[in-house]
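Below: one structure, written as C-alpha cells.
None of the figures in this text is laboratory data; all of them are computed from the coordinates on show. Since this is a predicted model, take the numbers as computed values, not measurements. Glycine gets a Cβ as well: all are built from the backbone with ideal geometry, and neighbour counts include every protein chain shown.
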C-alpha cells in the first residue's frame, strides 16, 4: 500500500525542527530492523513523544504504527492524518480489538510503537509498565526494542504550559538492543526485564544530555534524584491518583 500521508507529515515535522533550531539526535537507530516486525517500547515524558519515537526508525527506513487513544482518531484534523498513517486506535472499552490489530500488524512485518507506562511520567523516571508490549511481542513472535526519549518534556508535558516555540532544545532519542521474547516467557517477568532495560537507557539519556537547567526555577524538567524539582515517583503517583475520577456510588 502506497504511503501518501506519512512521508509528508515527517517532512513537515523535520522542517518545524529546523525552523525552531531543535536538535533531535538518534543514538542506536541501527538496532531497528530494516525488515520484519518489532515493538518499539518508549518511555513517556511529553505529549510529543510519538513524533520523536518515530524518528528512532528513520535511519532504518521504517515507519512506525503507533497505538493511540480512539479520541485522537475522532478529531476532525488529527483523525484523517492518523488513519492515513495507519496508526492503531485504542478503544479502552474494547481493548481486545486494538490488541488484535497490533498483533496482526506485527505479524505482517510492521513496526508498532507503544508507551507501556500508559501515561506521561511526572517524575521523569520510568513508571511500572503495562504488560501489553510483551504480550503483543510474544504473540507475534517479534522482539521488543526499548526507546528512551529525553528533552521533549521541556516543550510540552503534563502540568506545565506548552513551550512549543522554545528554540534550540536538544532532544535525545536512544534505541537499545532488541530484547527477544519467547512464547514460553512469563509475561510479568519479561515486563520487569523490559522496565530494567528501559530505565537504564533513560538514565544514560539523562546523564548524557547536553543541557542543564538555566537556574533554580528551571529545574522542574530534571528528576529529583538528579537534583531537579520534578516530583518523586511517589509524589507523581499521588498526583496521578488525583487525576482519576472518583468512583461512582450506587
Rounded, prolate or oblate for region 14-98? Axes are the square roots of the Cα gyration tensor eigenvalues, ordered a ≥ b ≥ c, and the cut-off for rounded is a/c under 1.5. oblate
Roughly how many whole Å is it from the C-alpha centroid of region 21-36 to that of region 200-227? 22
When ranked by the protection proxy of mean other Cβ atoms within 10 Å per residue, highest first, what sequence do the peptides 85-91, 211-217 form? 85-91, 211-217
Please label the shape of the chain as rounded, prolate or oblate, based on the square roots a ≥ b ≥ c of the eigenvalues of the alpha-carbon gyration tensor (a/c under 1.5 means rounded; beyond that, a/b larger than b/c means prolate, else oblate). rounded
DSSP beta bridges in the chain: the antiparallel percent, rounded to 5, is 20
The chain - percent relative contact order, Cα under 8 Å, separation 6 or more: 25
Percentage relative contact order, region 89-134, counting C-alpha pairs under 8 Å, at least six apart: 23
Given 121-128, 68-75, the highest-first ranking by average Cβ count within 10 Å works out to 121-128, 68-75
Determine the gain in length on full extension of the stretch residue 199-residue 47; use 0.36 nm per residue of separation and subtract their C-alpha separation, reporting nm with one decimal. 52.8 nm
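Tell me whether region 80-164 comes out rounded, prolate or oblate; compute the Cα gyration tensor, take square roots of the eigenvalues as a ≥ b ≥ c, and use a/c under 1.5 as the rounded threshold.
Values: a/c = 1.96, a/b = 1.58, b/c = 1.24.
Since a/c reaches 1.5 and a/b is larger than b/c, the shape of region 80-164 is classed as prolate.
In deg cm²/dmol, rounded to 500, what helix-only [θ] at 222 nm does the chain give when every DSSP H run of at least 4 residues adds -39500 (n - 2.57) and the total is split over its residues?
Calculated at 222 nm, the ellipticity per residue is -10500 deg cm²/dmol.
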